[in-house]
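The values are calculated or read from the model by the stated rules, or taken from the named source; none is laboratory data. Computed from a predicted structure; not experimentally measured. FYI the Cβ positions are ideal-geometry reconstructions off the backbone, even for glycines, and counts take in every protein chain you see.
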Amino acid sequence: MQQAIDRFLRYLRVERNASELTIKSYGEDLETLAEYLQEVHGRLPAPAEITPLQLRDFVGALHEAGYAPTSIARKLASLRSFYRFAQREGLAETNPAKPLRNPRRQRKLPHFLTTKEIGKLLSAPPTDTPLGLRDRAILETMYSAGLRVSELVGINDGDLDMDQGLVRVRGKGKRERLAPLGRYAIRALQRWLKSRTLARPHQQSHSAPVFVNKFGNRITTRSIGRMLEKYLKLTGLDIRTSPHTLRHSFATHLLDSGADIRSVQELLGHKSLITTQIYTHVSTKGLREAYQKAHPRAQADR
């Protein structure tokens, strides 16, 4: 088994030109299996002798040891790759790792801000400086339209329709959608664009970026992250808050206020409803209120 592992790692380095980090990860995964088999069986079996049942027991041991589902899935991927190599080299006839299923990943519930916290954050940027006007317009637009930060930085002047309260957004997979803008976001955008025009009147065009840095170039996602961090420190809000938190908050607040999940899916630009459904786990206030109001036996007699 150990010789087979060494041959596999050499194959990755020489023929696949894999990175040292990749080789190290594969090596650690396979050494973990080898150590387990040696401990359980008192010897290290050859690759052809290892059965799916033994690998299933190995996976069970990883669970008991507290390995995360993502770590276990990576180790299984390493085993499958190793056995594909072993089959090609005649070291094993079958791939005992192939029938094993990856553990279900625990989906992290998204962090979001309350409506009160959102209000505190959005009112933090000053309105007496051009950069303050820009920062407030950025935060208001992200929250109002539920945008990804990458979508926000890609908005051009020609994408805005202030009269209709809409912005054209380019999402993942180059899919375009129209996202609504609330009156607070529209007002913030109008004040920022007026300030930007006064500073750089020659840069206005249909394809000009809406949000620029102090040099007049399109703002970057990293700059927005740094900007948000500044206002988090100023307001004392949760340091875990990221630009994407505004999108999470947007979806959660809509569902809390009674919006149907299909509408939220469209507004977020999710291709699959499954992606949107994670917000139902953190948005139960509206459901509880609807239950208490509608169910004939939800409340005790008074």
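When segment 38-65 is limited to residues that are of a type in the set (D, E, K, R) and part of a helix (DSSP H, G or I), the one that is farthest from the chain's Cα centre (by Cα) turns out to be 49.
Where residues in segment 158-197 are under 16 Å from residue 146 (Cβ atoms) and part of a loop (DSSP other than H, G, I, E, B), which of them is nearest to the chain's Cα centre (by Cα)? Among those that are under 16 Å from residue 146 (Cβ atoms) and part of a loop (DSSP other than H, G, I, E, B), it is 171.
Of the numbered criteria (1) of a type outside the set (S, T, N, Q); (2) assigned to a loop (DSSP other than H, G, I, E, B); (3) at pLDDT 90 or above, the one residue 258 fails is (3). Only one of the listed residues (135, 128) is outside any helix (DSSP H, G or I) and either more than 21 Å from residue 255 (Cα to Cα) or without any contact (Cβ under 8 Å) to a residue 12 or more places away in the chain (or both). That residue is 128. Filter segment 98-125 down to residues that are modelled with pLDDT under 80 and among the charged types (D, E, K, R) and give me whichever is farthest from residue 54 (Cα to Cα). So the residue we want is 108.
How about segment 18-37: which of its residues are over 13 Å from residue 55 (Cα atoms) and either touching a residue at least 60 places away in the same chain (Cβ under 8 Å) or assigned to a helix (DSSP H, G or I) (or both)? 20, 21, 22, 23, 24, 25, 26, 27, 28, 31, listed by residue number. Only a single criterion out of (1) out of contact with any Gly (no Cβ under 8 Å at 6 or more places or on another chain); (2) surrounded by 12 or more Cβ atoms within 10 Å (Cβ to Cβ) is not satisfied by residue 214, namely (2).
For the criterion of being among the charged types (D, E, K, R) and part of a helix (DSSP H, G or I), residue 80 passes.
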